[in-house]
Number of protein chains: 2
Amino acid sequence: MKPLYVIKIGGNVIDNSENLYHFLKDFTALDGHKILVHGGGKIATQISEQMGIESNLVDGRRITDIETLRVVTMVYAGLINKNIVAQLQRFGTNAIGLTGADGNFIKAVKRPVKTIDYGFVGDLDETSVNAVNISNLIEAGFTPAFCALTHDGHGQMLNTNADTIASALAVALSGQYETILIYCFEKKGVLKNIDDDESLIQDIDPASYEVLKKEQIIHSGMLPKLDNAFKAIACGVKAVVIGKSDELSKLQQNQIFGTRLSK
Amino acid sequence: MKPLYVIKIGGNVIDNSENLYHFLKDFTALDGHKILVHGGGKIATQISEQMGIESNLVDGRRITDIETLRVVTMVYAGLINKNIVAQLQRFGTNAIGLTGADGNFIKAVKRPVKTIDYGFVGDLDETSVNAVNISNLIEAGFTPAFCALTHDGHGQMLNTNADTIASALAVALSGQYETILIYCFEKKGVLKNIDDDESLIQDIDPASYEVLKKEQIIHSGMLPKLDNAFKAIACGVKAVVIGKSDELSKLQQNQIFGTRLSK
């Protein structure tokens, strides 16, 4: 099987035009099939404020009401996505900017209302990603760039977490490709000591993960990310790499890049 | 050669959700390969006002300064385009929403500053449309839905007239397909008497066009549209049809739809 990189970037890349420039250049230089997935960064909040739309938070979590959905559809699929595509084209990556509605690539289910109504938020399951349609696009010579939006198949756009989209894509495409899922963030990877960039843990497998948890070297915010990574690996993803966005070129040069989670 | 419809819609469809719903249903019912091209309608102006961005008009024409470009990128490529795509998917059209930056499909040249600086506006020439990339996408099973944005190939998005995009697509793809270019607007077609919907002129060829102009039956606003239509026909487009958006289903049913311009 051919390798396929699914690479997710977040606010630390998107909100800084210099970081974004360098990242997209390095992304282009990386050989092989690739999918980019990006979150929204702070721009949606700024545009919301400029439009006089109040952010609606419940228990610290943002609610996607209809006005907020309009803003994120504009900002994620329009402003951010198309600027990323135009930059990628400039560097020579034949990118196509997408939401899950395009090509019916990712169909989500509106999150059911329990105690909190999250509004127009879409959750994914194992049937959400249309792997055949996406690989048709890739094999036709295009590089998909997904933003954090999906649809319900009945005409409704839905806001969906970018980490979740990246993971669902990597799992669903693992039948056709040897998928490597890469999460870019602001740290070099999983660190033994969060204040020491040199304390990078290069490799984690399920056995060493248990030890790291028991010794409380990995804790709090990192746990759900790593739990989800090992779930993706159990579902067919070859490896999950967590690394620093401005070091992506190390991957191409076969140098140590981030923390690699695998079986 | 297989037929390909390139269908352009404007504000009268986009600004009215009921019109849009019916149009997209009829679009889906139309057999064969299709490309949709849409303009922006009034929504960009509304969002600009909501964001406190002033419209900058010179001699009655809108200038696309950097703030306006941000708004139209959000509104055209995000809000309008993705809602159209989600609706098309609901009806069963496997649409992909695009700008000219995506897939490097349409590369424009920023309009040179002469007496007026139009800002980030892109003009097209005969090399602008990448017909090979677009037909790859179509042959992979997708229906392109273009908004009125292109790029310059150097990372810059550009605002480009939707009529011009539709015409350039139809001309460029006439090497691979038998292209029919359809402009949907609020009238039934070219009318002998603008106040009488029953006075539709069904067919115009270059000879009868000369007569209609000489007799001043066609004048003012319609002239540039028809001149451009005959230019497209001279460059390989099989026919240009100008008709009413809510009558598109007549085309599928082999009934009279609009005014058909051909050689």
Item to complete: Identify all residues within region B:212-235 that are loosely packed, with under 15 Cβ neighbours inside 10 Å and either under 19 Å from B:A162 (Cα atoms) or at pLDDT 95 or above (or both); write none if there are none.
Response: B:G221, B:L223, B:P224, B:D227, B:K231, B:A234, B:C235
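Within region A:152-161, can one find any residue that is assigned to a helix (DSSP H, G or I), surrounded by 21 or more Cβ atoms within 10 Å (Cβ to Cβ), under 12 Å from the mean Cα position of the chain (by Cα) and modelled with pLDDT of 95 or more?
Applying the first criterion (assigned to a helix (DSSP H, G or I)) to region A:152-161 yields none.
No, every residue in region A:152-161 fails to be assigned to a helix (DSSP H, G or I), surrounded by 21 or more Cβ atoms within 10 Å (Cβ to Cβ), under 12 Å from the mean Cα position of the chain (by Cα) and modelled with pLDDT of 95 or more.
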Response to the item:
When region B:233-263 is checked residue by residue, the ones that are over 14 Å from B:V171 (Cα atoms), touching a residue at least 24 places away in the same chain (Cβ under 8 Å) and charged (D, E, K, R) are B:K244, B:D246, B:E247, B:R260, B:K263
Worksheet, complete the sentence: Listed by first then second residue, the pairs whose first member lies in region A:208-232 and is without any contact (Cβ under 8 Å) to a residue 12 or more places away in the chain and over 16 Å from A:G258 (Cα atoms), whose partner is of a type in the set (A, V, I, L, M) and loosely packed, with under 11 Cβ neighbours inside 10 Å, with beta carbons under 7 Å and at least 6 positions apart or on separate chains, are none
Worksheet entry | Count - residues of region A:65-93 that are surrounded by fewer than 23 Cβ atoms within 10 Å (Cβ to Cβ), touching a residue at least 12 places away in the same chain (Cβ under 8 Å) and in contact with a Gly (Cβ under 6 Å, 6 or more places away or on another chain) | 1
Worksheet item: Residues in region A:96-119: is at least one in a helix (DSSP H, G or I) and closer than 19 Å to A:F27 by Cβ?
Response: no
Discussion item. Looking at region B:105-120, can you tell me whether even one residue there is at the interface with chain A (Cβ under 10 Å from one of its Cβ atoms) and touching a Gly at 6+ places or on another chain (Cβ under 7 Å)?
Written reply: yes
Worksheet item: Which condition number does A:N130 fail, the rest of (1) surrounded by fewer than 24 Cβ atoms within 10 Å (Cβ to Cβ); (2) at the interface with chain B (Cβ under 8 Å from one of its Cβ atoms) being met?
Response: (2)
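Any idea which of A:S55, A:S48 is more than 7 Å from every other protein chain (Cβ to nearest Cβ), of a type in the set (G, A, S) and part of a loop (DSSP other than H, G, I, E, B)?
Values: A:S48 fails: part of a loop (DSSP other than H, G, I, E, B).
Exactly one of A:S55, A:S48 is more than 7 Å from every other protein chain (Cβ to nearest Cβ), of a type in the set (G, A, S) and part of a loop (DSSP other than H, G, I, E, B), namely A:S55.
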Discussion item. Any residue at all in region A:58-72 that's part of a helix (DSSP H, G or I) and away from chain B (no Cβ under 14 Å)?
Written reply: no
Fill in: Unique match (being aliphatic (A, V, I, L, M) and within 27 Å of A:L69 (Cβ to Cβ)) among A:L212, A:L169
A:L169
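The values are calculated or read from the model by the stated rules, or taken from the named source; none is laboratory data. Everything numeric in this text was worked out from a predicted model, so none of it was measured. All Cβ positions, glycine included, derive from the backbone under ideal geometry; neighbour counts span all protein chains shown.
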